[in-house]
Amino acid sequence: MNSQPGLIRILTVDDHPILRKGIAAMVNAEADMKLVAEASGGQEAIELYRLHRPDVALMDLQMPEMNGAEAISEIQREFNDARIIVLTTYSGDAQILKALKAGARAYILKGHVHRELLETIRAVHAGQKRIPPDIAAQLAEHATDDALSSREIDVLRLIAAGNSNKLIADQLSIGEATVKSHVANILSKLSANDRAHAVTIGLKRGMIEL
């Protein structure tokens, strides 16, 4: 697919046109890079990846309809040599872990784009993985934590939306005693003092989003 040998062909995926424009300007100013396509969502990213087979894809995590981690999983399933860099404002370890498990090769916070993007693209294209030290430290800090189950994450999400135990029980079709048990587990696993503290931790670590 690459008509110019040595040129790194790039797909960028983000639902913010201004950010895509900025990345396009940075990439196209480099002699060894070319932006071949832009997508504004996960589903479009998969279609454009199939069409262009880029050397490197830059993927946002927070997008409407299909999020970045789901799109990465789908692309990796079809193209197991896909080289994908996550570009996001979220530094929560749960989000990072999800993206890395899906197959991302590198992680850049949007605030560091100007400093890290070009070097990271070249490194990933050369087969390397890149996790910034501060993000690696955050992953290490929680590596031995008990993960929340998918049901506990559902409960935490409903707590964040302001629901009482009774309302959570109704929405999940479970007993109120079961909800209380889930809440106790969530507080214990997150080392949270109370429900509000658990929500704050869940948001910070990217387990849930509002």
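The values are calculated or read from the model by the stated rules, or taken from the named source; none is laboratory data. Keep in mind that this is a model prediction, so the values were computed, not measured. Cβ sites come from the backbone with ideal geometry, for glycine too, and all protein chains shown count toward neighbours.
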Q: Working only within segment 146-163, note down all residues that are surrounded by 13 or more Cβ atoms within 10 Å (Cβ to Cβ) and not hydrophobic (A, V, I, L, M, F, W, C).
A: 149, 151, 152, 154, 157, 163
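Output the helices (runs of 4 or more DSSP H) that fall wholly within segment 96-183 and possess 2 or more residues being under 26 Å from residue 60 (Cβ atoms), or say none. Break it down into steps so the answer makes sense when it comes.
Details: elements: 113-125, 133-141, 150-160, 165-172.
Helices (runs of 4 or more DSSP H) meeting the threshold: 113-125, 133-141, 150-160.
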Q.
Just the residues that are under 20 Å from residue 108 (Cα atoms), among the hydrophobic types (A, V, I, L, M, F, W, C) and in contact (Cβ under 8 Å) with a residue 40 or more places away in the chain, please, taken from segment 132-153.
A. 135, 139
(Q) If I ask for residues that are within 18 Å of residue 143 (Cα to Cα) and part of a loop (DSSP other than H, G, I, E, B), which ones from segment 184-207 would you list? (A) 191, 192, 205, 206, 207
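Look through segment 41-64, keep the residues that are in a loop (DSSP other than H, G, I, E, B), surrounded by 18 or more Cβ atoms within 10 Å (Cβ to Cβ) and at pLDDT below 95, and return whichever of them is nearest to the chain's Cα centre (by Cα). Talk me through it step by step, then tell me what you get.
As a first pass, look at segment 41-64 and keep what is in a loop (DSSP other than H, G, I, E, B): 41, 53-55, 60-64.
Cutting the leftovers down to surrounded by 18 or more Cβ atoms within 10 Å (Cβ to Cβ) gives us 41, 54-55, 60-61, 63.
Narrowing the set further to residues that are at pLDDT below 95 leaves 41, 60-61, 63.
Details: 41: 13, 60: 7, 61: 4, 63: 10 Å.
The selected residue is 61.
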Q. Between residues in segment 6-35 that are farther than 20 Å from residue 82 by Cβ and in the same structural domain as residue 88 (by TED's automatic domain parsing) and residues that are assigned to a loop (DSSP other than H, G, I, E, B) and of a type in the set (A, V, I, L, M, F, W, C), which pairs lie under 7 Å by C-beta distance while being six or more apart or on different chains?
A. 15/63
Q: Could you tell me which residue of segment 65-95 is farthest from residue 136 (Cα to Cα), considering only residues that are charged (D, E, K, R) and part of a helix (DSSP H, G or I)?
A: 78
